[in-house]
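A short worksheet on the structure shown next.
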Amino acid sequence: MTSGPIKFQASCIKTLSAVEADPNKSNQHEFNGIAELKELFGVDDFKENAFFSVRGNSTTSEAEVTWYEAREAHPTRSEYRLYFKTNPVMAMAKKGDSVLFGKNEAGKLHVVLLKK
């Protein structure tokens, strides 16, 4: 359960839009890459496992995430996204919930769902 403290090197919080949380709106399984995520992750693509949890709930999961530039071929536009594999934590997400992204002291990525 994610109820105790997690010490992060760096983190940011994002409020989920309908396309990020509702499979009926979009089945993309992606977080739009806001400026703070770009600052947290940088501009280099990566793929790694992340620890997903729900604050105050025992639901947890480890799932692969991929950070990438969705408009890489476009000469003037940039749009980063964090793709995530389907998992029980994100199945609980709804529009308006928030997600905390952070890297712990060991560099492990945590994605914590904060229910509204």
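The table below lists the values:
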read-out: Matching residues in the stretch 95-114 - criterion: being out of contact with any strand residue (DSSP E or B) (no Cβ under 7 Å at 6 or more places or on another chain) and either modelled with pLDDT of 95 or more or among the acidic types (D, E) (or both); value: none
read-out: Residue match in the stretch 24-33 (condition: within 19 Å of D97 (Cβ to Cβ) and of a type in the set (D, E)); value: yes
read-out: Any hit, the stretch 27-37, residues being surrounded by fewer than 12 Cβ atoms within 10 Å (Cβ to Cβ), modelled with pLDDT under 95 and either out of contact with any Ser or Thr (no Cβ under 6 Å at 6 or more places or on another chain) or β-branched (V, I, T) (or both); value: yes
read-out: Index of the failed condition, G42 passing every other in (1) open to solvent by less than 60 Å² (accessible area, probe 1.4 Å); (2) at pLDDT 95 or above; value: (2)
read-out: Residue identified as among the hydrophobic types (A, V, I, L, M, F, W, C) and more than 11 Å from the chain's Cα centre (by Cα) among F31, F46, F101; value: F46
read-out: Enumeration of residues in the stretch 102-115 that are assigned to a strand (DSSP E or B) and either among the β-branched types (V, I, T) or open to solvent by 80 Å² or more (accessible area, probe 1.4 Å) (or both); value: V111, V112
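One line per residue, one yes/no per condition, for (1) open to solvent by 90 Å² or more (accessible area, probe 1.4 Å); (2) part of a strand (DSSP E or B):
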{"residue": "K47", "(1), (2)": "yes, yes"}
{"residue": "N57", "(1), (2)": "no, no"}
{"residue": "E62", "(1), (2)": "yes, yes"}
{"residue": "W67", "(1), (2)": "no, yes"}
{"residue": "R71", "(1), (2)": "no, no"}
{"residue": "R77", "(1), (2)": "yes, no"}
{"residue": "M90", "(1), (2)": "no, no"}
{"residue": "G96", "(1), (2)": "no, no"}
{"residue": "L100", "(1), (2)": "no, yes"}
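The values are calculated or read from the model by the stated rules, or taken from the named source; none is laboratory data. As the structure is a computational prediction, the values presented were derived from the model and not from experiment. All Cβ positions, even for glycine, are placed from backbone atoms using ideal geometry, and neighbour counts span all protein chains on display. Ligands, DNA and RNA are stripped out before the accessible areas are found, and what is left, the full protein with its side chains, is counted by its heavy atoms. Shrake-Rupley method; radii C 1.70, N 1.55, O 1.52, S 1.80 Å.
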